[in-house]
């Protein structure tokens, strides 16, 4: 692959002083605008890989490169997470004290942006998610599907080029799962964003342009 | 547009999610700042009233033996003092604090009937007392609290005194005090021939000599002429007399303990809040929040607790002083006025308390690993 957007080389991650090896020498290149599914059994290391790709954690050895630049201690991880990637989690992770429109503004507080512009963009994103009538609801007043749509709007807040989704449909019924995947693939296509989804659902994995499967911390051939 | 989220708004929402805990913490810091405003304000007002009293009577120097609490100075020293060339007048006085009724105690001054200090008082009714007679002047506030008028009697230490006049002095101390003939106070206190201090009024300073320098020169002259005695400028006496120093020490000591409790209550609240919100901090970090911004959020919450608690505390302190200044037991020594500098100081202490209390929880929260924080239940 020529000039991959994201690349990992011989990536290893171990915990508990090396007793637990979550990743054992993973090599992977991801192109700009690609839809990649990472699947595997529980404990196979797929979420760990996603965390390393998103700059949430640092590898024990090996390296992660974003646009040919290594994500290492010299790299500003906060800036990378704030501007380059958007996270979507299985448990949504909305802040309970905030309304939907305020939740979407939280990432924007990490970058310089006028308060009026923040609210305007949050409203536009929520409308895009079909939540124009739910702007002022708190997380506990929203259905699971609505919460995940708010979380997607939040992930898009700072115009990232990569969306990282960790089991985005894990807490949803089949109807909402289909809706969320439809939204995510729609965003990926319309905006040309890279979409990396960790999933254990074959249907979702098969819908991706490329699928890799992890087993015991390694990519299965 | 509705739904704008500001940084401080976010901090406030975090605090308000646990309303009871936040209110209790605010109550704690408000009580601490209230104690500081009331106690330190009281002790400073007390000092200020002493200064006003000295300034009002025109006393330049107080001559004492050891401490202000001792009435052990021999009255005969007055003749030697008056013989000094710089001294215009040297008047003996006794100062005491006495129970007048089971509820009311008051400062009692013993002055000579022809003392220059009496000239500073305005008699609102009646006349001055006479030496050798069981007669007293009552400050107007004290008279009101005791419900006494000219001609009424008041029993002090077993002796019945007649109220000959009601005075209005230049300071709250005089307004709440009893003034009686020196010899009468010596008699009721069994201190014949002894005085607390001599209040000295100096002759005018020579042309070209600054008053401060002149007073210091007079101090030296008095101490040289009367070895073993201390001559203290009146302004210094107001701030350094043992009663004022005791009031300051008690006020600062009690306030420091109250402030420490207030700081600990904020620290406890913030530590619990950070612990409870570990996952949320992980979310913020995952969403690109820098460590310093997480620290700033937690410190802002702690500062808001300090500031809001401080504002409430200013009200509590001011209200307490108002209450104390209206109670008969304390009206004579408590002024309801609080300087704006003191309020600003209290507000600053409240803010610093919040920041100090929030520092460790903020540092801890900011240094959480995003992955471990997200895993937190």
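Each reported figure results from applying straightforward, stated rules to the coordinates on display, with no laboratory input. This one's a predicted model, so the numbers in the text were calculated from it and none came from an experiment. A quick note on method: Cβ atoms are made from the backbone with ideal geometry, for glycine too, and the neighbour counts reach across all protein chains shown.
Kindly give Rg over Rh for the range B:212-262, based on alpha-carbon atoms, with the Kirkwood expression for the hydrodynamic radius.
Working: Rg = 16.8 Å, Rh = 13.2 Å.
Looking at the range B:212-262, the ratio lands at 1.27.
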Of A:55, A:130, A:45, the one that fluctuates the most in a GNM where chain A has Cα springs shorter than 10 Å: A:130
In whole Å, what three semi-axes, largest first, describe the equivalent ellipsoid of the range A:66-221 built from its Cα gyration tensor (square root of 5 times each eigenvalue)? 25, 21, 13
Over all directions, chain B yields a Cα convex hull whose mean projected area in nm² is 26.4
Mind computing the radius of gyration and Dmax over the alpha-carbon atoms of the range A:1-149? Å is fine for both. 17.9, 50
Over all Cα pairs of the range B:129-200, the Kirkwood radius sets Rh, and Rg/Rh then becomes 0.97
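Report the Stokes-Einstein translational diffusion coefficient (µm² s⁻¹, integer) for the range B:29-78, Rh taken as the Kirkwood radius over Cα pairs, at 20 °C with viscosity 1.002 mPa s.
156
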Kindly provide log₁₀ I(q)/I(0) values, in the same order as q = 0.14, 0.19, 0.24 Å⁻¹, from the Debye equation applied to equal alpha-carbon scatterers of the range B:58-163. -0.66, -1.12, -1.47
Could you state the number of Å between the C-alpha centres of the range B:41-88 and the range B:144-179? 22
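Could you give the alpha-carbon Rg of the range B:82-122 over 2.2 N^0.38 Å, rounded to two decimals?
Numbers: Rg = 14.3 Å, N = 41, 2.2 N^0.38 = 9.0 Å.
That ratio works out to 1.58.
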At q = 0.16 Å⁻¹, what log₁₀ I(q)/I(0) does a Debye calculation on the Cα points of the range B:107-239 give, no solvent, two decimals? -0.87
Computed over the range A:21-102, Cα set: Rg, Dmax in Å: 14.5, 42
More than 18 angstrom separation, counting every C-alpha pair in the range B:318-377; what % is that? 62
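Given 25 °C and 0.890 mPa s, compute D for the range B:203-359 with the Stokes-Einstein relation, Rh being the Kirkwood radius over Cα pairs; round to the nearest whole µm²/s.
121
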Using a 10 Å cut-off around each Cβ, can you sort A:197, B:108, B:188 from fewest to most neighbouring Cβ atoms? B:188, B:108, A:197
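Output needed for the protein assembly as shown: three equivalent-ellipsoid semi-axes, defined as square roots of 5 times the C-alpha gyration tensor eigenvalues, in descending order, whole Å.
Working: eigenvalues 1307, 116, 66 Å².
Semi-axes (√(5λ), whole Å): 81, 24, 18.
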If you scale each eigenvalue of the Cα gyration tensor by 5 and take the root, what three semi-axes come out for the range B:180-221, rounded to whole angstrom and sorted largest first? 34, 10, 6
Please report the spacing between the Cα centers of the range B:108-129 and the range B:299-376 in Å, no decimals. 45
On average over all directions, what projected area in square nanometres does the range B:274-357 have, based on the convex hull of its Cα atoms? 7.2
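Give the whole-number value, in cubic angstrom per residue, of the convex hull volume spanned by the C-alpha atoms of the range A:145-221. All intermediate terms of the calculation are to be shown ahead of the outcome.
Details: hull volume 7.9 nm³, N = 77.
About 102 Å³ per residue, rounded to a whole number.
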Going highest first, how would you order B:128-140, A:18-30 by mean Cβ packing within 10 Å? B:128-140, A:18-30
